[in-house]
Amino acid sequence: MRAPLPAPEPRGPDALEPPPFEQLPVALSWRCDFACRHCCISATPEATADEMTAAELSEWLPAVARQFRLVCFTGGEPTLAWDRLLAGIRACTAVGVPATMVSHGKWLDGDGANERMDLLAGAGLTFLTLSYDEYHDPFWPKARLLDAVGRAAAHGFSVWVKLVRGTRFSEGWADEFRAAGAVWAGVQDLYEVGRARLVKLRGTRVEPLSSCPSLASPMLAPNGDLFACCNAETLRATHLLGNAREHPIAELLARRRTNPLLTAEMALGPGGLAEILGLKDGSDNLCRLCAEIMRSPARVARLREALGRSDLRRQIVGRNLLFACQEYDVPALPLRRKEG
Ligand code: SF4
């Protein structure tokens with residue numbers, strides 16, 4: 001039986017309109033053959049879930065992909081769900097939406113690497129994102145990934161490299177990956193969720209608390225759950241939009257657009273919400289502060305009440321207009337494949 005969806009927000013002249021969606025991350029599985037200490041979803045080689053099928057992906061993605069700038073296959077390690085990865089990329093290609101994947105890149109090494117790259121390119125993948133940091137290093141050292149970046153670039157893929165600012169992060173890594181053939185190498189802070197809650201991060205955070213751009217990228221989980229952001233698995237009461245097996249995925253996304261709490265959090269960030277609540281001693285980490293607020297039904301109720309104030313609504317609408325005009329720190333699309 002279908003779980004009932006919450007009633008939609010009443011619409012009106014001061015309805016809170018969020019900015020357009022950005023990416024649709026699709027987690028094909030929580031499995032990964034690495035077990036990095038900083039994994040924000042605690043992926044392991046043994047992780048199992050009631051995982052989406054290739055047929056479901058082929059139905060869901062064409063229905064909503066055009067609402068996003070790109071679809072990003074992730075996990076866990078997406079290449080461990082090879083058939084579904086190819087099916088998902090083909091579904092995006094069929095409706096003209098760019099697809100990418102976030103991977104540790106080990107599959108770019110050894111026997112069959114060229115065949116795997118051929119299959120991905122044949123499905124329509126033109127660019128891919130590889131992850132590197134001190135936590136990946138014990139499983140796949142930097143020298144091996146630098147070789148892999150060069151191999152993928154030589155095959156014609158545009159390669160992006162995503163680095164995480166851990167305690168041993170070096171600014172020089174980005175230059176090394178660009179020299180190896182990456183078209184873009186960028187750094188992000190570590191989200192203190194999942195296994196990453198156990199990592200000591202003192203002094204590494206630079207991300208502001210006063211907005212949450214991740215809320216422009218709702219995430220589809222392996223079992224069909226659609227979350228408001230990719231770190232929200234533990235915030236089911238407030239950040240779970242519904243399950244794509246129970247409700248049309250387009251309807252779930254439409255509900256996201258009329259959810260004032262999430263729209264407010266995107267504009268003001270957990271820092272802004274803490275200010276509304278008068279919370280003085282909250283965490284200085286974005287997702288941890290979010291959890292401190294959202295796991296308290298009393299705090300959520302006070303926020304919902306405050307969101308009736310017209311001054312606050314005007315502030316949110318203004319911030320979201322700025323978001324809608326914002327340039328994201330990634331290369332312009334579309335990215336080209338190397339000729340013949
Ligand atoms: S701050 Fe909250 S909404 Fe934003 S990415 Fe973290 S968990 Fe998601």
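Which ones in segment 174-204 are among the aromatic types (F, W, Y) and at pLDDT 95 or above? Give the steps one after another, and end with the answer.
Start the filter on segment 174-204 by keeping residues that are among the aromatic types (F, W, Y), which leaves 177, 184, 191.
Once the filter is applied, which keeps residues that are among the aromatic types (F, W, Y) and at pLDDT 95 or above, segment 174-204 yields only F177.
Screening segment 239-260 for residues that are of a type in the set (A, V, I, L, M, F, W, C) and crowded, with 18+ Cβ neighbours inside 10 Å and picking the one that is nearest to A216 (Cα to Cα) gives L253.
Residues satisfying the criterion are present in segment 84-94 (criterion: assigned by TED's automatic domain parsing to the domain that holds H247, surrounded by 23 or more Cβ atoms within 10 Å (Cβ to Cβ) and among the charged types (D, E, K, R)).
Residues that are among the acidic types (D, E) number at least 2 in the following helices (runs of 4 or more DSSP H) confined to segment 44-152: 54-64, 113-123. Against the numbered list (1) at pLDDT 95 or above; (2) over 29 Å from I316 (Cβ atoms); (3) surrounded by 17 or more Cβ atoms within 10 Å (Cβ to Cβ), L24 comes up short only at (2).
Does E265 satisfy the criteria of being within 16 Å of the ligand (Cβ to nearest atom) and either within 17 Å of Q67 (Cα to Cα) or not hydrophobic (A, V, I, L, M, F, W, C) (or both)? It is true that E265 is within 16 Å of the ligand (Cβ to nearest atom) and either within 17 Å of Q67 (Cα to Cα) or not hydrophobic (A, V, I, L, M, F, W, C) (or both). Take R31 and tell me if it is crowded, with 18+ Cβ neighbours inside 10 Å, more than 17 Å from K162 (Cα to Cα) and charged (D, E, K, R). Criteria met by R31. Per the conditions (1) over 19 Å from Y132 (Cα atoms); (2) in contact (Cβ under 8 Å) with a residue 12 or more places away in the chain, the sole criterion not satisfied by F73 is (1).
Taken together, the residues in segment 80-98 that are out of contact with any Ser or Thr (no Cβ under 7 Å at 6 or more places or on another chain) and of a type in the set (G, A, S) amount to 3. Hey, can you tell me all the residues within segment 214-235 that are touching a residue at least 40 places away in the same chain (Cβ under 8 Å) and more than 8 Å from the ligand (Cβ to nearest atom)? If the condition is that a residue be touching a residue at least 40 places away in the same chain (Cβ under 8 Å) and more than 8 Å from the ligand (Cβ to nearest atom), then A216, S217, P218, M219, L220, A221, P222, N223, G224, E233, T234 are the ones that fit.
The values are calculated or read from the model by the stated rules, or taken from the named source; none is laboratory data. Just so we're clear, the structure is a prediction, and the values are computed from it rather than from any experiment. In this analysis, Cβ positions are derived from the backbone assuming ideal geometry, glycine residues included, and neighbour counts consider all displayed protein chains.
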